[in-house]
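Contents: one structure, followed by commentary.
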Ligand SMILES: Cc1cc2nc3c(=O)[nH]c(=O)nc-3n(C[C@H](O)[C@H](O)[C@H](O)COP(=O)(O)OP(=O)(O)OC[C@H]3O[C@@H](n4cnc5c(N)ncnc54)[C@H](O)[C@@H]3O)c2cc1C
Ligand code: SF4
Ligand code: SF4
Ligand code: FES
C-alpha cells in the first residue's frame, strides 16, 4: 500500500520497450506481478511473467449487457478499460478458509488460518479501481474490527496505476470524480502515449517505494512535450465518457424515493442473478459455510462472496426480510449511492460501469437514478 | 495464544456448566471459558456469536447478570438448523463464542426516570440483564414496569423469576398470553394492550422494547399515544448476521449495521426506516 505520497510528484518517461524491465524489477523485489490478461474472450487480471501476456493491441467495447473485444490498429499495452474482474478478488478472496476446529473429547480447539500475506504488484490499476480500493479500505480496515486477510494483502500490495486515455461505453468516472486520472494511492502511475514513431509511458512517482523501484528500470527525464501528450490522452478519455450520473442531492433523492413505483419497474426486468454485485469493485458482502470431514472430528469455516440479490441474504427465522426483487434492487442501489455515504463518508460507486456491462438485461444504474429523478419533477410535491 | 486479536472471526471455546430447560422449545446455557477463567464482561442488551461444532454460528443475546461476569448465560429458542442442535448439547460440551458485540440498553441514562419494559416471547432474554441492572440499583429509578407477552402460559420464560418479580412491592409486572386453556387466571390478549393503563409517567419514562417487528411497531404506537417521546423509546432489532462485526454486510437496515450500530437503537434514529416496507 503506497505511503508518503507527496504533492509535487516527480514525472519521468519509460519507453514501451522498457516495460518488461519494470515487470522484472518488481519480480526481483519479491512481488507476484498481476496484470490484465486475455482469457475466454475477456480481459481479466492474472499473474503474468512477461509483457507478452498482456492484451497488447486489444481493446474492448462496452454497452448495457454487452462486451466485445476488438483488435486495435496500434500496439497499445493498456488500450482498453475494465473487464469483469476487479482487484478485489486478490485483496478480498472470493472463497477463504477462516479457521479450522478440532473436536477433542468434549473440547473444541479452534485453529486460526495463518496467512503469510502474498506480495502482489498490481499492474494496470485504473483510477476508478484505485478509488474502489480506498473505499474497501474503509470497510475492512477503518472500523473497530479489521479484516486481517484484507489488511495483510493490502498493506503488501505495490500499485502501478494506469491513467485512462480512452473511456468505455459504460464508464462514468468523471461523474463520480474518480477518474480518468489517478490522484492518489499509487506507487507509480503510468500514462501511455502511442504514436506512429514513438510509444512511451509518462510515469508519475507516488511513493518512496515507487521511486526506489525505478532506480532499477531505465528511464529518462520527462520533457514538456511528453507531458503535454500525456495530458492530452487523459483529456481525450474525459471527453469520451459513455455515461453520466447526476449525483447532485442523490442521497436524499434516493431516501425520499424509497417507495417510488419505479423500483417495481426495475424488478420486472431484474433477473436477480447477482452479476452486478460480483463484478462491482466495492461490493464486499460475504456469507459463511461449514465444511466437516467424514470422521466428524474436524470442521472448517469458509467465507464466500455473497450478494444482497439472493433470497436468503436477509433470512431470519420465519422468512426473508427482502422477499421482492424490487426491495433487493432498491437496497443495492440505495446502499451504493446513499447509505454508503452515511456509513463510510463516500459514495459506494466509482463509476466503473461494470454492473451495466455485465447485467444480462442491461439494467443501468445511471439510467435508473435518472428515471427516479425525473419521476419526481414530473409529479407534484 | 494471542490469536484472537489477529482474527476477529475466531471463536473461543466455552464449556457448558449448566443446562436449564425453560419451556418445551427454549433452553438456557451457562457457559465458562474452557481455557482460563477470565470472566466475561458485557453490557445489558449485547449479544454473542455462538458456534455449534460443524453446524454454524448464530447471534444470541446475553441473558445473564452483567454484575456476575463469572457466568455467561444464553437463552435460546430452538427454531432451526443451529438452535436445534444446540438444544441437544449436554453439560461439559463446548461451544465457540465471539463477543460481546453491539449496543446496549440505556440503563445509566434511565436513572431518575420511570422505566417501562415491553416484550414478547424470547424477547425477554435480552431484557433480563436490564432487569438485573434496574433491580441492583432500584433506588435510582422511578416506577419500574415490565409488560410481558407469551403465546401460552407454557411459553412464559423464566417463570420462577417472573413470579418473584411480580411479588415485589416496587415492581409492576404484568404478564399476558395470546391464548390459554383452563387454569390460567391471568391476562389474555396482546402485550401492547397493556401499555395504555400501565403505571408510568409518560413524560419521565424510558421505554425498552424487544420482540417481533410487528409487536415493536404497535408497542411504539401505544407508547407515543401516551406521550412518550420518540427519543425516550429504545428498540432492539433483529437481522440476519454472519459476522457480528460490521464486515459481512448481512445485517444492514438503511445505513445501519444492526450488529454494531444496534441491536439496540433509539427509536427516533430508525423510525423512518421502520416505516419502509422490506427495508
Ligand atoms: C442480535 C440478535 C440477538 C438474538 N438473540 C436471541 C436470543 O437471545 N435467543 C434466541 O433464541 N434467539 C435470538 N436471536 C435469533 C437467533 O439468532 C435465530 O433464532 C437463529 O439465528 C436461528 O438459527 P437456526 O440456524 O436455528 O435457524 P434457521 O431458520 O435454520 O436459520 C438459518 C440461518 O439463518 C440465520 N438466521 C435465522 N434466523 C435468524 C434471526 N432471527 N436473526 C439472525 N439470523 C438468523 C442464521 O444465520 C441461521 O444459522 C437473536 C438474533 C439477533 C440478530
Ligand atoms: S455500482 Fe456499478 S458502476 Fe458503480 S462501482 Fe459498482 S460496478 Fe462500478
Ligand atoms: S441488476 Fe442485472 S446484474 Fe444485477 S441482479 Fe439484476 S439482472 Fe443481475
Ligand atoms: S453481521 Fe456482518 S455486518 Fe453486521
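No lab work stands behind these numbers, since they all come straight from the coordinates. The model shown is predicted, which means the values in this text are computed figures rather than measured ones. Virtual Cβ from ideal backbone geometry, glycine too; neighbours counted across all protein chains shown.
How much length is gained on full extension from residue A:52 to residue A:97, taking 0.36 nm per residue of separation minus their Cα-Cα distance?
12.8 nm
If you take the beta carbon distance between residue A:377 and residue A:264 as r and set R0 to 30 Å, what does 1/(1 + (r/R0)^6) give as a FRET efficiency, to the nearest 0.05?
0.95
What are the radius of gyration and Dmax of chain A, computed over its Cα atoms and given in Å?
In Å, with Rg to one decimal and Dmax whole: 22.3, 74.
Over the Cα atoms of the stretch B:12-101, Rg to Rh with Kirkwood Rh, two decimal places?
Computed over Cα atoms, the ratio is 0.92.
Assuming a viscosity of 1.002 mPa s and a temperature of 20 °C, what translational diffusion coefficient in µm² per second does Stokes-Einstein assign to the stretch A:243-322, Rh being the Kirkwood radius over Cα pairs?
132
What are the semi-axes of the equivalent ellipsoid for the stretch A:38-148, taken as the square roots of 5 times the Cα gyration tensor eigenvalues, largest first, in whole Å?
Listed largest to smallest, the semi-axes of the stretch A:38-148 are 38, 16, 14 Å.
Could you tell me how far the Cα centroid of the stretch B:148-187 sits from the Cα centroid of the stretch A:321-381, in Å?
What the calculation gives is 48 Å, centre to centre.
So, in nm, how far is label residue B:197 from label residue A:289 when the simple model puts each one 7 Å beyond its Cα toward the Cβ?
In this crude spin-label approximation the distance works out to 5.6 nm.
Based on DSSP, what percent of beta bridges with both residues in chain A are antiparallel, to the nearest 5?
Given both bridge residues lie in chain A, the antiparallel proportion sits at roughly 85 percent.
In whole Å, what is the distance between the alpha-carbon centres of the stretch B:213-279 and the stretch A:217-269?
35
Pairing the Cα long axis of helix B:124-136 with the longest principal axis of chain B, what angle in degrees results, from 0 to 90 and rounded to the nearest 10?
Helix B:124-136 and the main axis of chain B meet at about 70 degrees.
List B:269, A:126, A:303 from most exposed to least, where exposure is judged by having the fewest other Cβ atoms within 10 Å.
So the residues, fewest neighbours to most, are B:269, A:303, A:126.
When the scattering of the stretch A:250-376 is computed by the Debye formula from its Cα atoms alone, each counted once and equally, what is log10 I(q)/I(0) at q = 0.09, 0.10, 0.13 Å⁻¹?
Taken in order of the listed q values, log10 I(q)/I(0) reads -0.30, -0.37, -0.58.
Residues of the stretch A:273-313 with the amide nitrogen closer than 18 Å to a label point 7 Å from the Cα of residue B:278, along Cα-to-Cβ, please.
From the stretch A:273-313, the list is A:273-277, A:307-313.
Quote the FRET efficiency, to the nearest 0.05, computed for residue A:28 versus residue B:38 with a Förster distance R0 of 45 Å and r equal to the Cβ-Cβ distance.
Calculated transfer efficiency: 0.40.
Report Rg/Rh for the stretch B:108-274, rounded to two decimals, where Rg is the Cα radius of gyration and Rh the Kirkwood radius.
0.97
Using the scaling law 2.2 N^0.38 Å as the reference, what is the normalised Cα Rg of the protein assembly as shown?
So the protein assembly as shown has a normalised radius of gyration of 1.11.
Taking a cut-off of 30 Å, what percent of all Cα-Cα pairs in the stretch A:11-238 are separated by more than that?
Result for the distance tail: 27 percent.
Considering only the stretch B:108-274, what is the antiparallel percent among its DSSP beta bridges, to the nearest 5?
15
How much of the DSSP bridge set in the protein assembly as shown is antiparallel, in percent, rounded to the nearest 5?
Taking every DSSP beta bridge within the protein assembly as shown, about 70 percent pair in antiparallel fashion.
What is the fewest-to-most order of A:133, B:215 by other Cβ atoms lying within 10 Å of their Cβ?
B:215, A:133
Give me log10 I(q)/I(0) at q = 0.10, 0.13 Å⁻¹ for chain B, Debye formula, one equal scatterer per alpha-carbon, no solvent.
Normalising to I(0) and taking log10 leaves -0.51, -0.88.
Can you tell me what the convex hull of the Cα atoms of the stretch B:202-275 projects to on average, as an area in nm²?
4.6
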